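First the structure, in the form of structure tokens, and then the observations on it.
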Amino acid sequence: MYMMAMLTGLVSCVEDKGTYVLSPINEVTISGIEEVYNKITYSETLNIIPKIENSMPEVDESQLSYQWFLNQIISNTEEAEEQIIIGSEKILNYTLDITPGLYRLYCQVLDKTTGLKWSQTAYLNAMSPFTRGFYLFGDKEDGTCDIDFVSMLNERDTTVIENLFTNSLNIKGAQNLVFTGSYDYNPDNSMALWAVTESGSYSLEFSSSLPKLDIRQDISADNFIYPTIDIIRPVKVMDLHPHAYGSNNSNICANRRILMTENEFFGTSIYNDPEAYGNPTNRYSASSSELYKPAPYMFYPGNSTYINYVIFYDKTNECFVNLNSSTYSSATYSKKLADTESSNTSFYFDQTKYSPVRTLVYGENGYGNGGRSYALMTDANGKYYVYAFKVAGTPTKDYGREIDQTIATNFAQSSHYAFFSMQTVILYSVGSQLWAYDYTRKDVKMIEDFGSEITYLAMDFNSNDTPTDFIIATYSPSEKGIVRKFTIVDDQNKIEVTPHEKEVWKTNLRVAKVEYRNSSV
């Protein structure tokens, strides 16, 4: 692949037909060009200063002209597409705006006096900046949505690429961005990248080869749902499970998927192309058309690369439920989780057994402690509780704890939460302040007051495969958006958080979601 090619086509003399005397001609040697250039398209510049040597010292520089060409090589063959001209000066200074891929690069020198040409060939590996990093999804000052991308390619400095989203529909009110990895990345597969806003949900282009992303207006989640009972349309996609797993974005249970909408959830096998969904599963018999309101969370072991069992929460009847089949893609209805006498010591799955009744505020799947799942509950008296449990064929309850609001005095005002799964610690934000509360030791600590509103808070396992990292985003009209990464120390005796000084990224957006991506497709 890295073979150099020198095209000379030279002769050393030119015949003078009047006198039959051979006159010497100038020969050009090109050097100073590397065998291969690895560059990031859409963001880097290809700068080459070739060394040109003439066999005749008296040759004037104006006698030579230059052209630089590119041919994209098709797949792994030696075939190439049509040449494009990228420069006509000796020194090449070309800002890359080409499709990612492998290219042949030609430097051609023309001697205008004799008409002879010399060429030097190299290879250009044009890499996409969008294969690995974080999507930053949020709102601009005018309220319309945009996406920035924190590009984190190996052996490259991390850079923030702004205004990635064309937003041809001017959607507003960013809420969530979902990237599943898509098990086959078929362009017709609509369930790879979704933007969720106040007004609805939108399928987005997701190819890393594109310089910009936009809404795929020909794709609607409604077109992939074929129930025999009435559902509320248009559907609003809230989430897709399971998510891509770990720093390599592995696809866990790639043949199964749960689509969660605002009012229903559906299972399917995605060996089909395109994927299709039937009747919703948030009902209590396969023949029922009565649907309960689901919370937008699916509980499963966060540390597992394969998922057998899942749990949901019924907001209508205030209880935890599982499905009538362990193969959740083919389940047809839900079942309320039973509370046996031995299991009632920690908490009930049926929240109506409490007075006042408790309801789910927030749910999360942890990566530490055997893949516990966590639920934050509240009741009409303003009390808060943490449930920790493991999802399995027979779920096990690890513990239930009440948030002591005489210690965590501001907990009721919190807007964002994240569970540190290695310890009994919940992170929460109040305005511009980040707090951590150990609900076993009953210790609370303000981590930092950022002086700007915290708009996002979440644990970050995927980008580096550790359960100790988390990300926050802040926003103020003066500073705009800032995204920061931290590590919380795994120590059962104290709360200690350290910032990642080099992982601070500025954006103009009010960030609602930070979503990790690692995919070359």
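What to note about this one:
- Note on Val521 and Asp490: with the Förster distance fixed at 41 Å, the Cβ-Cβ geometry gives a FRET efficiency of about 0.75.
- Within the stretch 92-196, trypsin sites (Lys or Arg not before Pro) in DSSP loop having at most 12 other beta-carbon neighbours inside 10 Å: Lys112
- For the stretch 83-129, diffusion coefficient by Stokes-Einstein and Kirkwood Rh (Cα), 37 °C, 0.692 mPa s, µm²/s: 265
- Stokes-Einstein diffusion coefficient of the stretch 200-283, Kirkwood radius over Cα pairs, 4 °C, 1.567 mPa s, in µm²/s: 92
- Calculation over all alpha carbon pairs of the stretch 482-521 in 10 angstrom steps from 0 returns a P(r) of 22, 37, 31, 10, 1 percent.
- Linear extension gain, Val361 paired with Tyr306, 0.36 nm per residue minus alpha-carbon span: 17.1 nm
- Each pair of Cα atoms in the stretch 55-119 enters the Kirkwood radius, and Stokes-Einstein at 20 °C and 1.002 mPa s then converts it into a translational diffusion coefficient of 159 µm²/s.
- Using the empirical formula 2.2 N^0.38 Å as the baseline, the Cα radius of gyration of the stretch 190-341 reaches a ratio of 1.06.
- Between Asn93 and Ser288, the contour length at 0.36 nm per residue exceeds the Cα-Cα span by 63.5 nm.
- The stretch between Asn508 and Thr114 holds 136.2 nm of extra length on full extension. This uses 0.36 nm per residue minus the Cα-Cα distance.
- Each of Ile84 and Ile232 was given a label point 7 Å from its Cα along the Cα-to-Cβ line. The distance between the two points is 4.7 nm.
- Backbone geometry of the stretch 369-378 corresponds, through the Karplus equation with coefficients 6.51, -1.76 and 1.60 at θ = phi - 60°, to 3J(HN,Hα) couplings of 6, x, x, 4, 9, 10, 10, 9, 10, 9 Hz, x marking Gly and Pro.
- Span per principal axis, largest first, for the Cα atoms of the chain (Å): 115, 52, 41
- Cα gyration tensor of the stretch 362-496 - equivalent ellipsoid semi-axes, whole Å, descending: 24, 18, 14
- Here the scattering of the stretch 34-184 is modelled by Debye summation over its C-alpha atoms, one equal scatterer each and no solvent; at q = 0.12 Å⁻¹ the log10 of I(q)/I(0) is -0.69.
- Percent breakdown of C-alpha pair distances by 10 Å bin, ordered from the shortest bin, for the stretch 342-431: 16, 50, 31, 4, 0
- For the stretch 454-496: Kirkwood Rh in Å [reciprocal of mean 1/r, alpha carbons]: 11.6
- Reciprocal mean inverse distance between Cα atoms of the stretch 134-245 - Kirkwood radius, Å: 15.1
Here, each number is a calculation from the coordinates, and none is a lab measurement. Since the structure is predicted, the reported quantities are computational estimates derived from the model, not experimental observations. Positions of Cβ are generated from backbone atoms using ideal geometry, with glycine treated the same way; all protein chains shown enter the neighbour counts.
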